[in-house]
1. In whole Å, what is the distance between the alpha-carbon centres of region A:270-329 and region A:156-222?
2. Just the Kirkwood number for the protein assembly as shown, please: inverse of mean 1/r across all distinct Cα pairs, in Å, one decimal.
3. Give me the dipole magnitude in Debye, nearest 20, for the protein assembly as shown about the Cα centre, with unit charges on the beta carbon: positive for Lys and Arg, negative for Asp and Glu.
4. Mind ranking B:400-408, B:478-486 by how tightly packed they are, going by the mean number of other C-beta atoms within 10 angstrom, highest first?
5. With axes computed from alpha carbons, what is the tilt in degrees of helix B:19-38 against the longest principal axis of chain B, rounded to the nearest 10 within 0 to 90?
6. Determine, for each peptide in B:328-341, A:159-172, the mean count of other beta carbons within 10 angstrom over its residues, then list the peptides with the highest first.
7. Leaving out ligands and nucleic acids, and using a 1.4 Å probe, what accessible area per residue does region B:276-489 come to in Å²?
8. Please state the Cα pair-distance histogram of chain A with 20 angstrom bins from zero: what percent is in each bin?
Amino acid sequence: MNEFPILSLMTFLPLVGAALLLLLRGEGEAVQFRAKMLALLMSGLTFILSVVMLLNFDPAEADFQFVEKRIWFENIGISYHMGVDGISLFFVVLSAFLTPICILASWKSVSKRIREYLISFLMLETFMIGTFCALDAILFYLFFEGVLIPMFVIIGVWGGPRRVYSAFKFFLYTLLGSVLMLVALLAMIVQTGTADIPTLMGADFPPHMQLWLWLAFFSSFAVKMPMWPVHTWLPDAHVEAPTAGSVILAGVLLKMGGYGFLRFSLPMLPDATAYFAPMVFGLSVVAIIYTSLVALVQQDMKKMIAYSSVAHMGFVTLGIFTLNIQGVQGAVFQMISHGVISAALFLAIGVVYDRLHTRDINRYGNLSKNMPIYATVFVILMLGSVGLPGTSGFVGEFLALLGAYKVDTITATFAATGVVFGAAYMLLLTRKLVFGPKVNEDAAAMSDMTVVEKAYFLPLILLVLWLGVAPSYVLDRTAPAIESLLVQYHAKLATEVESNIANVPEHSQEHVQIKEQDQMPLQDHAQEHGMGE
Amino acid sequence: MEWVNKMTALNWVTISPLMPEIFTAVAGLLLLLVGALRGKSSVPFILSAVLVTFFVASCFLFFGYSDVRPLDTMGGMVVVDGFSKWMRLIIFDGLIVSTLLLVTWLKDSQMYKFEIPILYLLSGVGMLFMVSANNFLALYVSLELSSLSLYVLAAINRDRLDSTEAGLKYFILGALSSGLLLFGISLIYGFTGSLSFAEVGGILSQMEMPAGAMVGMAFVLAGLIFKISGVPFHMWTPDVYQGAPTPVTALFAIVPKVAAFGLIIRLLTGPFLSLHEQAAQILIFVSVASMVVGAYAGLAQENFKRLMAYSSISNMGYALLGLLSGQPEGVAAVILYLMVYMVMVAGVFAVLMGLKRQGHAIENISDFAGLGKSSPLMAYSLVALLFSMSGIPPLAGFFAKLFIFQAAVAGGFFTVAVIGVLASVVASYYYLRVIKVMLFDEPIGEFDHDCSYSRKVVMVGAVAFIIIFTFVPNYLLDQAQLAASSLFQ
């Protein structure tokens, strides 16, 4: 155990940066530059901290690490409890990694109200990292919902022509889903008397109650994912958001839904998860095929990538609800990989958008002539998005499909067609954008990437390739946590079935047993183990 | 005869807990004299004297009598306990804040009248007694004292049509609700033979099926629901909010609701405790209807003050949710909710009163356009307050709602809680719309420079409160729980 509160530091360092930016007075170039440098410094420090955390993370450990626990709301069972395990680890790193890139990407392209812009992004970073570190249900909800505030402002102030409509749609859609989750969380807290996530994971809820709770969680996470048919906010939000907003949206915010399924639905509500898994399968397959087809006919580059995100998230939900190790591993890996690739793709669109101020595919063409480096970058990203072996996109999709194949052959077969469609629209986009005939003079006159652009694309490209050829770095670290999650899940499911047969009336009474005695020694042992290292 | 005996038992021990009220009332009468003798020139003095009075009286309250156990005084008319202490503190804070909002307005507007602060003070005395009433007569008298002052305040801008209209509407409907209240009280008296809360409670708990008293309770609750502007007795709210001068609207929004709510809590946990099931039926309807009507009707509003009226209707619906279960946790949640709501509303009105274009106060939402650019401090304060009001974490408004919903869920009122959260999503739309106009829309003309320090203090204080609460919530939570538990002894 590390005494150093690294998670809190990472969570609140950006907020400190935001507060410092508030104090910064004045207008003009110099102040703007200083504000940008400050924001970059704070998010950079956070990223360094996240790397330190990654290096100190014990890969063999299934339990939560870097745990911090403080009293927050006395008498109510809400505490300030933070910690990461293999599932959340890489999402934290991803959030910390993408924020400085976003700030770099907006260095030139955003000029109006830059201070507020940077404050929004730093706030966003705090909420994102907090969401993945929180080990208290209410703390989780706080960060999870808090994201809406800066994102609403980012889309609404710095977005495109239909920004207001999109900002409202984004806000109200996600809020509507989340408030139902809040009621479910409260019901769980009232039943067990605690909001502690590890304790709640050990609690048993009566099966019929689980169904309602599961649906409430589903309403929140499915919107956030987003799953078909509640995905319609995403294309709008992506199209209107500024480039950096899209990057965070696709890179991190979409992963909160999948993370929520893994953190809440699976371990806490196993019966309902088993009950609803076929439904999620169906929705995932529809999402993969339908949104791929929709992406195929888009004329707007951002919209196309947005629909492709929905399709890729379909693989994630598919993988999660296979409930076997390959599927869930694949889902987590797919989320991380998509976080890097889609973020990079949106940045790539941002590069040409900054030059030509249009996202219409037909306005571009033959960029490989005048922008060779850009073309190379774009092709690598395209191949990653398609899931070519050797890039990170392949590993996640393959594992998720493998997991699905073990559960349901037909579903897996249908889902696999999505890979083909994915290749179709991405290749189409690449052909029109990078190759193809020269369409416009102004498109042909665009200059290649600047030094700053190269600087932030380099790590992204390296990550895509590195994760593709050496996925074990990630998979080894996620495996213990996912294994223990699934072992617990199946054990719970088995005991539920047994006790259901043995003692039916017991479950008609709404009572909850907390398996604290089973849980605690394990945890203690784990923490001691962690401290020794 | 017993009553006379009790009166003679008035002495320092039983009087001292009422020092804040007595001090405030005496100060009010003295200041009225000063005002009558000195006229307009005494306004600055009276204003500051009223502020000092509130402050000193709240110090009496805070540092004075601190036993949380109930103590009957004034011949059983009034009870002093942890609940009344905390509610009175909230009321005092609300009064201080609304008087601060009055300071610059009195100077700027044509309404240079010494009566205004004194009416604030007198209505304050009424409200202070409301939350410690222990007898239906005390209830009625204190309610009327505060209401009459408020009727006058609503119509104080007598040369303007909408102000007089607001005053008249408020008065007529208020008189109607007083009639309902009195009718209910007479029914209760007829069926139990007593007006004292404790005695009524004792008699009702022994009666098998007190049908007449139940009808009485329904009428009493109807009268009080009028005061907190719950649906279906909410019709007056938008018009009065819009018509009354803005600082008076702020007063309406901040304090009287807290006092009336205190009264409802005391009735439900005292005389009507044994009728809780029946009362809960009424409350469920009022709560759901208020949340839904407040949310949907607010969508169509263009005037910010009207919007705040609908927002207050829906907020009172949420507060009522906490009372459904009849548990101390629920009451504590309500107390906390009222406190946080009061702070947020005070902050919102502090911003609203600072908004002016060429000397004219702004009330239409579309006129807020461009505030984010011209005065970021005000704009972002309002953004934080509105996000907090719509219950978005991590601000205090979220926690206030959280505990209310927790109480409702703990009581098994799942359906009501779900309706409540869904209505809050609808309501968040109109808060967002204001934010959108301020931050996203292009500016239309310049705003006047706001140089009022008292307003800024209220605004910044409110924002600081809703942020700091998230980090150190336990003192207020403990106090609210202590106050609530004193009702359940």
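The values are calculated or read from the model by the stated rules, or taken from the named source; none is laboratory data. Remember, predicted model here, so these are calculated numbers, not experimental data. Positions of Cβ are generated from backbone atoms using ideal geometry, with glycine treated the same way; all protein chains shown enter the neighbour counts. We work out accessible area using only protein heavy atoms, side chains counted, and drop any ligands, DNA or RNA first. Shrake-Rupley method; radii C 1.70, N 1.55, O 1.52, S 1.80 Å.
1. Distance between centres, Cα-based: 19 Å.
2. Values: mean 1/r = 0.0328 Å⁻¹.
Kirkwood radius, the protein assembly as shown: 30.5 Å.
3. The calculated dipole for the protein assembly as shown is roughly 2980 debye.
4. Working: B:400-408: 27.4, B:478-486: 20.4.
Output ranking for B:400-408, B:478-486: B:400-408, B:478-486.
5. It works out to around 50 degrees.
6. Values: B:328-341: 25.5, A:159-172: 19.4.
Packing proxy ranking, top to bottom: B:328-341, A:159-172.
7. Working: 6580 Å² over 214 residues.
I get 31 Å² per residue for this part.
8. Calculated over all Cα pairs of chain A, the distribution is 23, 57, 18, 1 percent.
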